[in-house]
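The values are calculated or read from the model by the stated rules, or taken from the named source; none is laboratory data. Everything numeric here is computed off the predicted structure, so don't read it as measured data. Ideal geometry is used to build each Cβ from the backbone, glycine not excepted, and the neighbour counts take in all protein chains shown.
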Amino acid sequence: MSAVQELEQLALRYAEQAVMLDRQGKKEMAIEAYQRAINSLLKIISINPNYEFNRVYLQRAEAYKNRIAVLKNSLCPAVAEDSSEGRTRFEDLIMKDLPNVTWDDIVGLEDAKRAIREAIVYPSLRPDLFPLGWPRGILLFGPPGCGKTLLAAAVANEIKAKFIPVDAASIMSKWLGEAEQNVARLFNVARREAKFSPVIIFIDELDSLMGVRRFEVGGETRVRNQFLKEMDGIIDKKNPIKVYVVGATNKPWDLDQPFIRRFQKRIYVPPPNYKQRLETFGLYTKLLKLAPDVDLDELARLTEGFSGSDIMDVCQSVQLKVNSEIFEKFTDYTKAEPRPITMKDFLEVLEKRKPSISKESLLQYEKWFNDFKAL
């Protein structure tokens, strides 16, 4: 057994012991056990900084630290916190202004747009046409940087929905042992707001919250079970509540199987094809001063496998390259104007960049889509 595996088992034992002592009201002993679990997790990270689970371990360590602070305060009545402090107020997460994103801001992805309109937009406009109900769980999966978050923002803007973005930290890292109550509070807020307008709960990096992990102390399992219960409540066809859960993930294969089933629509958001890359270059260069020799068709051909975000980064890098010349060549840079961007500038940037999406990962996405697709 490796040193990392030994430390994982040690951290798990300390965490289980801490939770048990915490429930029994043995606060001082629980604090000590939580601290030992933290030390074990941080040691894993220090000896193996590139370990794939380090992000999860950091979240767990932070959760234990928060619980230690709560327990210490409860041991000192004069400075004890109110039980509601430190918890996520999901009312505060509701975006005051709708995301300023429309369908026109999203290049391509016509299949994804159509599926989302069918699942969310049309039932919101005419619920009387859907006696069998409609999907309330929408899973957007695919490589990073291909437009999943933009799709969620655009549909919220389309139906004038309340938009509640959440992540694993807002659910898991506040009060250890009460994470499932955070889930219940989240859905209670959504149901209350849905009396006045549609509500979209948007969960980014869904796999970090609903994925199956080797390292669990029970809290993650209870959170998943609570989420399943809440989602069963909103997808009931007899309950026409306008609450939608839109999840985005780059790792759909890490999701818990029962949770996948609650997402009645599972939509693949792929990287752009040639035509979409051409449109994306046109979108991002329309504000730039281009030289006549810039060939967007050729740039679209050269960037096969690039995501929309990759293409934006290319255009931004070219802009930085040309603008930097002003500060390097002119003493009075306040009056100087940048020269036109040439094809050579783009080619020099592309020589130093590779797509963020590997061909192997695309095969993995396509396989998962074929196994679980639900458009």
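General remarks:
- Segment 333-362, subset small (G, A, S) and closer than 16 Å to G308 by Cα, residue farthest from the chain's Cα centre (by Cα): S358
- Residue count for segment 281-330 under the criterion of being within 23 Å of G142 (Cα to Cα) and charged (D, E, K, R): the result is 4.
- Helices (runs of 4 or more DSSP H) within segment 98-161 that include 1 or more residues touching a Ser or Thr at 6+ places or on another chain (Cβ under 9 Å): 148-158
- Set F372, F306, F346, F327: member being free of Cβ contacts under 8 Å to residues at least 60 places away in the same chain and closer than 23 Å to T249 by Cβ: F306
- Sole residue being under 23 Å from A168 (Cα atoms), at pLDDT 80 or above and assigned to a helix (DSSP H, G or I), chosen from L12, L58: L12
- Hits in segment 281-290 - residues which are touching a helix residue (DSSP H, G or I) at 6+ places or on another chain (Cβ under 7 Å) and either modelled with pLDDT of 95 or more or under 17 Å from I106 (Cα atoms) (or both): F281, G282, Y284, T285
- Residue that is surrounded by 21 or more Cβ atoms within 10 Å (Cβ to Cβ), charged (D, E, K, R), touching a Gly at 6+ places or on another chain (Cβ under 8 Å) and at pLDDT 90 or above, where the choices are K265, K275: K265
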